[in-house]
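> After the structure tokens below, expect a handful of questions from me.
The values are calculated or read from the model by the stated rules, or taken from the named source; none is laboratory data. Quick caveat, the model's predicted, so the values are computed rather than measured. Here the Cβ positions follow ideal geometry from the backbone for every residue, glycine too, while neighbour counts run over all protein chains shown.
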Amino acid sequence: MTEDLTRRDERWQIRIRDLHKSFGAQHVLRGVNLDIERGKINIIIGGSGQGKSVFMKHLMGLLAPDRGHIFVDGQDIIGLGDVAIAKIQRKFGMVFQYAALFDSLNVVENIAFPLLERYRLPRKEVMERVRELLTRLDLARVPGVEQKFPAELSGGMRKRVGLARALIDRPQILLYDEPTTGLDPIATKNVDEMIRRTADDFGVTSVVISHDMASTFRIADRVAMLYEGVIVANGDRREIMAAPHPVLKEFVETSGAVSLSGGPS
Amino acid sequence: MLLSRASIWLFRRPFRPRLFFDQMEFVGVGSLPIIMLVGFFTGAVTALQAILALSLFQQQRYVGFGVGVSLARELAPVFTALMITARAGSGMATELASMRITEQVDALTTFAVNPVQYLVTPRLVASALMLPVMSMVFNVVGLVGMYVVAIVSYQIDLGQVLALFRWGVDPIDYMQGLIKAFFFGITMATCACYQGMNVRGGAKEVGLATTRAVVSTSVTVLVLDYFLIQIMNVFFPYGGA
């Protein structure tokens, strides 16, 4: 029996089928099939240049595939017009690898940006929501943080401000592009906790692109591996650890962060 | 392509007047000191050379006419375009290229903000409006430079210089210069934004994009200048002939 992907599924929020993308002669995605579980932390791992970021940009319509389908709550987002895709994009928040904060805006202006651009809300309401997020993400205790510019923030703080900006419009799905890249072990652990807490507190579906094995096996509910443009392993964390795909096993063991026979080291 | 997309987005909501004023300040007000400095010395040097040439015929009183026409029709719009390209065009290319490689442009898209409307259109409009204004500033300061050389240094009769200036320099000369400056502004913003928005890679590519923006704008301005003169000579024949 064939599955009806155009119906909203209670378990799977995003369903990707046969996704292909090429840049010139480079065939980056070669038929990706994957389901993203609602309300869980879904981590997609893979080496550099395997197309992880390209794949993520497809999820919220920043790139158009050559072929394939992406169903978000049963709606195929491929081929939608500007207005329809903008509506879908409002379900998403994205935390970029290096936060991608706007250099010319201070912390408050960065966080408030999506609200100010999308809606005509009173300034008081916008500021209330900004301050609430600053408090919930432990940024409020940094003196004068509201008026600081991105260049004045540490890597970890930039990530938090980036997360606050992604959360301000209350998205259903949060995408993280290599959130722990370039951070020291303690900052990495803090970001991991932030992702876990955000998923639990806000009830969002999290999709994390990563090559950090220790982080992956610390916080993931589901793990998928993208290798040579296709998903070669996919399942919940225990399934993956119990019976790893050979490529995944090699990848994980080379990283030295996790022992697949016995769980996180 | 970029030019047409940026022009279309000019008429679509939301309008963000603050972005336009910020860019007008950057392109115009920010370039004022360099334009005044270059304008003064351009007027002064042109006057010096004109006086040397005119002295062969004992006709130094024509210096106001010669410098006035040269500034209005050619020197002010072209030098203004080249100076503002060096200052603001390079700045635009660098800023947009940095935003591109640090994914700030992608971030705009995730908030359903069109990057062309948000980043390119204000720069295009500000350049198209401010280059003619700065070109007029260049003209005025250039004439001050001419005055200092001709009247103060060489003590040529002010009355004769002014009379011949009024006789020889026509408002159409200024209009031609302003029309050229308008097109040079569009050229500069388009080249700079195109190079900035299409950069790939890292810091080295940002530098290369800036270099390409300045070189391509400078060459395009000079080539475009030739064709604009040819076109305008049809509509405004020199000396009314």
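> State all residues of region B:97-118 that are at pLDDT 90 or above and away from chain A (no Cβ under 11 Å); if no residue qualifies, say none.
B:Ala97
> Do you know which residues across region A:132-141 are of a type in the set (Asp, Glu) and either touching a residue at least 24 places away in the same chain (Cβ under 8 Å) or not in a helix (DSSP H, G or I) (or both)?
As a first pass, look at region A:132-141 and keep what is of a type in the set (Asp, Glu): A:132, A:138.
A:Asp138, the sole residue that qualifies.
> Working only within region A:214-248, note down all residues that are assigned to a helix (DSSP H, G or I) and exposed (fewer than 15 other Cβ atoms within 10 Å of the Cβ).
Applying the first criterion (assigned to a helix (DSSP H, G or I)) to region A:214-248 yields A:214-219, A:237-242, A:246-248.
Hits for region A:214-248 are A:Arg238, A:Glu239, A:Ala242, A:Pro246.
> Return the residue satisfying two criteria in turn: it lies in region A:106-131 and is more than 10 Å from every other protein chain (Cβ to nearest Cβ) and either under 22 Å from the mean Cα position of the chain (by Cα) or in contact (Cβ under 8 Å) with a residue 24 or more places away in the chain (or both), and of such residues it is farthest from A:Lys148 (Cα to Cα).
A:Arg129
> While we're on this one: When region B:41-98 is examined, which residues are found to be farther than 23 Å from B:Asn139 by Cβ and touching a residue at least 60 places away in the same chain (Cβ under 8 Å)?
Answer for region B:41-98, where residues must be farther than 23 Å from B:Asn139 by Cβ and touching a residue at least 60 places away in the same chain (Cβ under 8 Å): B:Ser90, B:Gly91, B:Met92, B:Ala93, B:Thr94, B:Glu95, B:Leu96, B:Ala97, B:Ser98.
> Scan region B:62-73 and tell me whether some residue there is within 14 Å of chain A (Cβ to nearest Cβ) and either within 20 Å of B:Ser216 (Cα to Cα) or in contact with a Leu (Cβ under 9 Å, 6 or more places away or on another chain) (or both).
no
> How many residues, within region A:208-239, are of a type in the set (Val, Ile, Thr) and either at pLDDT below 80 or over 21 Å from A:Thr188 (Cβ atoms) (or both)?
3
> Collect the residues in region B:119-153 that are under 27 Å from B:Arg12 (Cβ atoms) and either within 14 Å of another protein chain (Cβ to nearest Cβ) or over 26 Å from the mean Cα position of the chain (by Cα) (or both), keeping them in residue-number order.
As a first pass, look at region B:119-153 and keep what is under 27 Å from B:Arg12 (Cβ atoms): B:119-133.
Answer for region B:119-153, where residues must be under 27 Å from B:Arg12 (Cβ atoms) and either within 14 Å of another protein chain (Cβ to nearest Cβ) or over 26 Å from the mean Cα position of the chain (by Cα) (or both): B:Leu119, B:Pro122, B:Arg123.
> Also: Within region A:212-244, track down each residue that is under 14 Å from A:Phe55 (Cα atoms) and of a type in the set (D, E, K, R). So that I can check it myself, show each step before the final result.
Initially, region A:212-244 is screened for residues under 14 Å from A:Phe55 (Cα atoms), giving A:224-231.
Of everything in region A:212-244, just one residue is under 14 Å from A:Phe55 (Cα atoms) and of a type in the set (D, E, K, R), namely A:Glu228.
> For the subset of region B:139-170 comprising residues that are assigned to a helix (DSSP H, G or I) and hydroxyl-bearing (Ser, Thr, Tyr), which member is surrounded by the fewest Cβ atoms within 10 Å (Cβ to Cβ)? Talk me through it step by step, then tell me what you get.
To start, the set of residues in region B:139-170 that are assigned to a helix (DSSP H, G or I) comprises B:139-153, B:158-168.
Those still in the list that are hydroxyl-bearing (Ser, Thr, Tyr) too: B:147, B:153.
Numbers: B:Tyr147: 21, B:Ser153: 13.
Result: B:Ser153.
> On to the next question. Among the residues of region A:142-170, what is the count of those that are assigned to a loop (DSSP other than H, G, I, E, B), more than 19 Å from A:Val126 (Cα to Cα) and not hydrophobic (A, V, I, L, M, F, W, C)?
2
> Considering only region A:65-103, how many residues are within 9 Å of chain B (Cβ to nearest Cβ) and either in a strand (DSSP E or B) or in contact (Cβ under 8 Å) with a residue 12 or more places away in the chain (or both)?
Keep residues of region A:65-103 that are within 9 Å of chain B (Cβ to nearest Cβ), which gives A:82, A:85-87, A:89-90, A:92-94, A:96-103.
Adding the requirement that they be either in a strand (DSSP E or B) or in contact (Cβ under 8 Å) with a residue 12 or more places away in the chain (or both) leaves A:85, A:89-90, A:92-94, A:96-103.
Result for region A:65-103: 14.
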